[in-house]
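Here is the structure we will look at, set down as structure tokens.
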Amino acid sequence: MSRIAIINGRLADPADDALAPGIVLIAGDRIVAAGDVAVPDDAQRIDAQGLVVAPGLIDLGVFATDKPAFHFGGITRAALMPDQRAPLDEVGLIREATRAGKPDFWVHPIAAATRGLLGQEMAEMGLMQMAGAKAVGTGRQWIADSGVMLRVLSYASGLGLTVIAHAEDGGLTAKAVATSGETATRLGLPHAPACAEALAIARDIMLARETGAAIHFRLVTTKTGFDLIRAAKTEGLKVTCGISPAYLFLNDQAATDFRTFARLSPPLRDERDRQACLAAVADGTIDVITSSHDPRGPEDKRLPFADASPGMAGAETLLALSLNLVRDGQVTINRLMTLLSANPAKILGVDAGGFAAGSAADLIFVDPDAPWIVDSAKMAAAAGNTPFDRLPVQGRARRIMKGGVFL
């Protein structure tokens, strides 16, 4: 078995508190050891040249697989949302999805919790788990029927699968495209109150308490929502939550002039909630940062704001935007890798996202200070629908390794 030693790197180990010089020793497709380790004489030496060596990013909840964007952004694994042209609600579709990224990246399908993602009849979770599904998801929608959601959580709990939930009460948000407030009123957009998120979270936490299930709220974006998550964690419930960079660095004013690239789901919130998002990262309430990668072409975005499809191309900007949290003192870079790699791996139940012995040898070499400008016209993604167009950023993945092989 071939052995590789990555030398002269600074290790951003999620299990440690701070960057430290060290060596990563790899045998085959697995990490053998990391840190202050001896390099075997027969190992191939790879010089990291002082770059940050980090686990490959695990993007928990993308809507499309996108090789160029994933490689640019340092993403080695992606959990694919069930919202596909044919919803991922049967065994054959799950098997096909698991093969979608080979050999360039790992795809972990999230099985649809209900048939057709209609929120009515439970899908065959057990069979889809055997076919490769790593979690169960409600998709872009909230399951309105509490009885159905109770059964979904109960069955998923028995299988050891986490339920990945969308947190918006559909009764309030059905026709809304913005958050209630000054911006939505000024633009004349259909809107819903931000409390739609907290209502959904509160109900699902109650059902998770009843069933003992693990539930992950993919995107939480409001102060009230975070308060509910904190209380649930204090109680010891199996509750986690995520966020994407858009909600950390933009508020609802980004939709001014009807900018459809800022049409997201859930919609952008006001400044008070944006500040609450940053506080939730800093205090550990947020467990995961995801790109929510959803490339949309002109046919979906060059429309009146209310008619445009929600979503943004986020894979290649995920790392650079998240590194702003390190520069602003919100988290250390090691903690950032917990949010981007270790915690997503834990939720999905895969041996990756860290430097522990036996972990998958999925690594990236990061230059955290490399400057570049986000340009929607030149993005590697299938489409360049980003609200961060023309923004100067810092941080790039210079090399990427999947399963012990550099790509």
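The values are calculated or read from the model by the stated rules, or taken from the named source; none is laboratory data. Every value quoted in this text rests on a predicted model; they were computed, and no experiment measured them. Because the Cβ atoms are built from the backbone with ideal geometry, glycine has one as well, and the counts that use them run over all protein chains shown. Note: accessible area is taken over every heavy atom of the protein model, side chains too, but ligands, DNA and RNA are not part of it. Shrake-Rupley method; radii C 1.70, N 1.55, O 1.52, S 1.80 Å.
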Taking only protein heavy atoms and a 1.4 Å probe, the highest-to-lowest accessible-area order of VAL39, VAL393, VAL405 is VAL405, VAL39, VAL393
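Hey, what's the chain come to in accessible area per residue, 1.4 Å probe, Å²? Don't skip to the end; give the middle numbers.
Values: 15980 Å² over 407 residues.
Per-residue accessible area for the chain comes out at 39 Å².
Suppose accessible area is computed on protein heavy atoms with a 1.4 Å probe; arrange ILE347, ILE164 from highest to lowest.
Ranking ILE347, ILE164 by accessible area, largest first, yields ILE347, ILE164.
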Excluding same-chain residues fewer than 8 positions from LYS233, which aspartates and glutamates have a Cα within less than 13 Å of its Cα? ASP283, ASP287
Keeping all protein chains in the complex and leaving out DNA, RNA and ligands, what accessible area do you get for ARG398 with a 1.4 Å probe, in Å² to the nearest 10? 120 Å²
Of the options MET122, LEU219, GLN44, report the single residue whose Cα projects farthest towards the positive end of the charge dipole of the chain (beta-carbon charges: Lys, Arg +1; Asp, Glu -1). GLN44
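Ignoring ligands, DNA and RNA, what percent of the accessible area of the chain is carbon or sulfur (1.4 Å)? Provide the component values of the computation, followed by the final result.
Values: 8100 of 15980 Å².
Of the solvent-accessible surface of the chain, carbon and sulfur hold 51 percent.
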Mark the label point 7 Å from the Cα of ASP29 along Cα→Cβ and return the residues of region 376-407 whose backbone N is within less than 12 Å of it. 402-405
Positive end of the charge dipole of region 258-397 (Lys, Arg +1 and Asp, Glu -1 on Cβ, about the Cα centre): tell me which of ILE373, LEU319, ALA357 has its Cα farthest that way. ILE373
How many angstrom separate the Cα center of region 238-273 from the Cα center of region 3-80? 31 Å
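Leaving ligands and nucleic acids out of the surface, order LYS223, LYS175, LYS233, LYS102 by accessible area at 1.4 Å, largest first. Don't skip to the end; give the middle numbers.
On the way: LYS223 85, LYS175 175, LYS233 60, LYS102 125 Å².
If we order LYS223, LYS175, LYS233, LYS102 from most to least accessible, we get LYS175, LYS102, LYS223, LYS233.
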7 Å from Cα along Cα→Cβ at both ALA18 and GLN275: what's the point-to-point distance in nm? 3.0 nm
Could you state, as a whole-number percent, how many of the C-alpha pairs of region 262-407 are farther apart than 23 Å? 44 percent
Based on the mean of other Cβ atoms within 10 Å per residue, sort peptides 32-38, 205-211 so the most packed one is first. 205-211, 32-38
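If you restrict to DSSP beta bridges whose two residues both lie in the chain, what percentage is antiparallel, to the nearest 5? Write down the numbers at each step before the final one.
Details: 28 of 59 bridges.
Counting DSSP beta bridges with both partners in the chain, the antiparallel share is about 45 percent.
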Rounded to the nearest Å, the spacing of the alpha-carbon centers of region 208-236 and region 105-134 is 22 Å
Relative compactness, region 30-131, computed as alpha-carbon Rg over 2.2 N^0.38 Å: 1.43
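Size of the dipole of the chain about the Cα centre, Lys and Arg at +1 and Asp and Glu at -1 on the beta carbon, nothing else charged, in debye to 20?
On the way: 40 positive and 45 negative charges, 65 e Å.
Its charge dipole is roughly 320 debye.
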Once you sort the root eigenvalues of the Cα gyration tensor of the chain as a ≥ b ≥ c, which label holds: rounded (a/c under 1.5), prolate (a/b larger than b/c) or oblate (the other case)? prolate
Are any of the pairs LYS175/LYS223; LYS134/LYS346; LYS102/LYS134; LYS346/LYS402; LYS67/LYS378; LYS238/LYS346 more than 20 Å apart by Cα-Cα distance, and if so, which? LYS175/LYS223
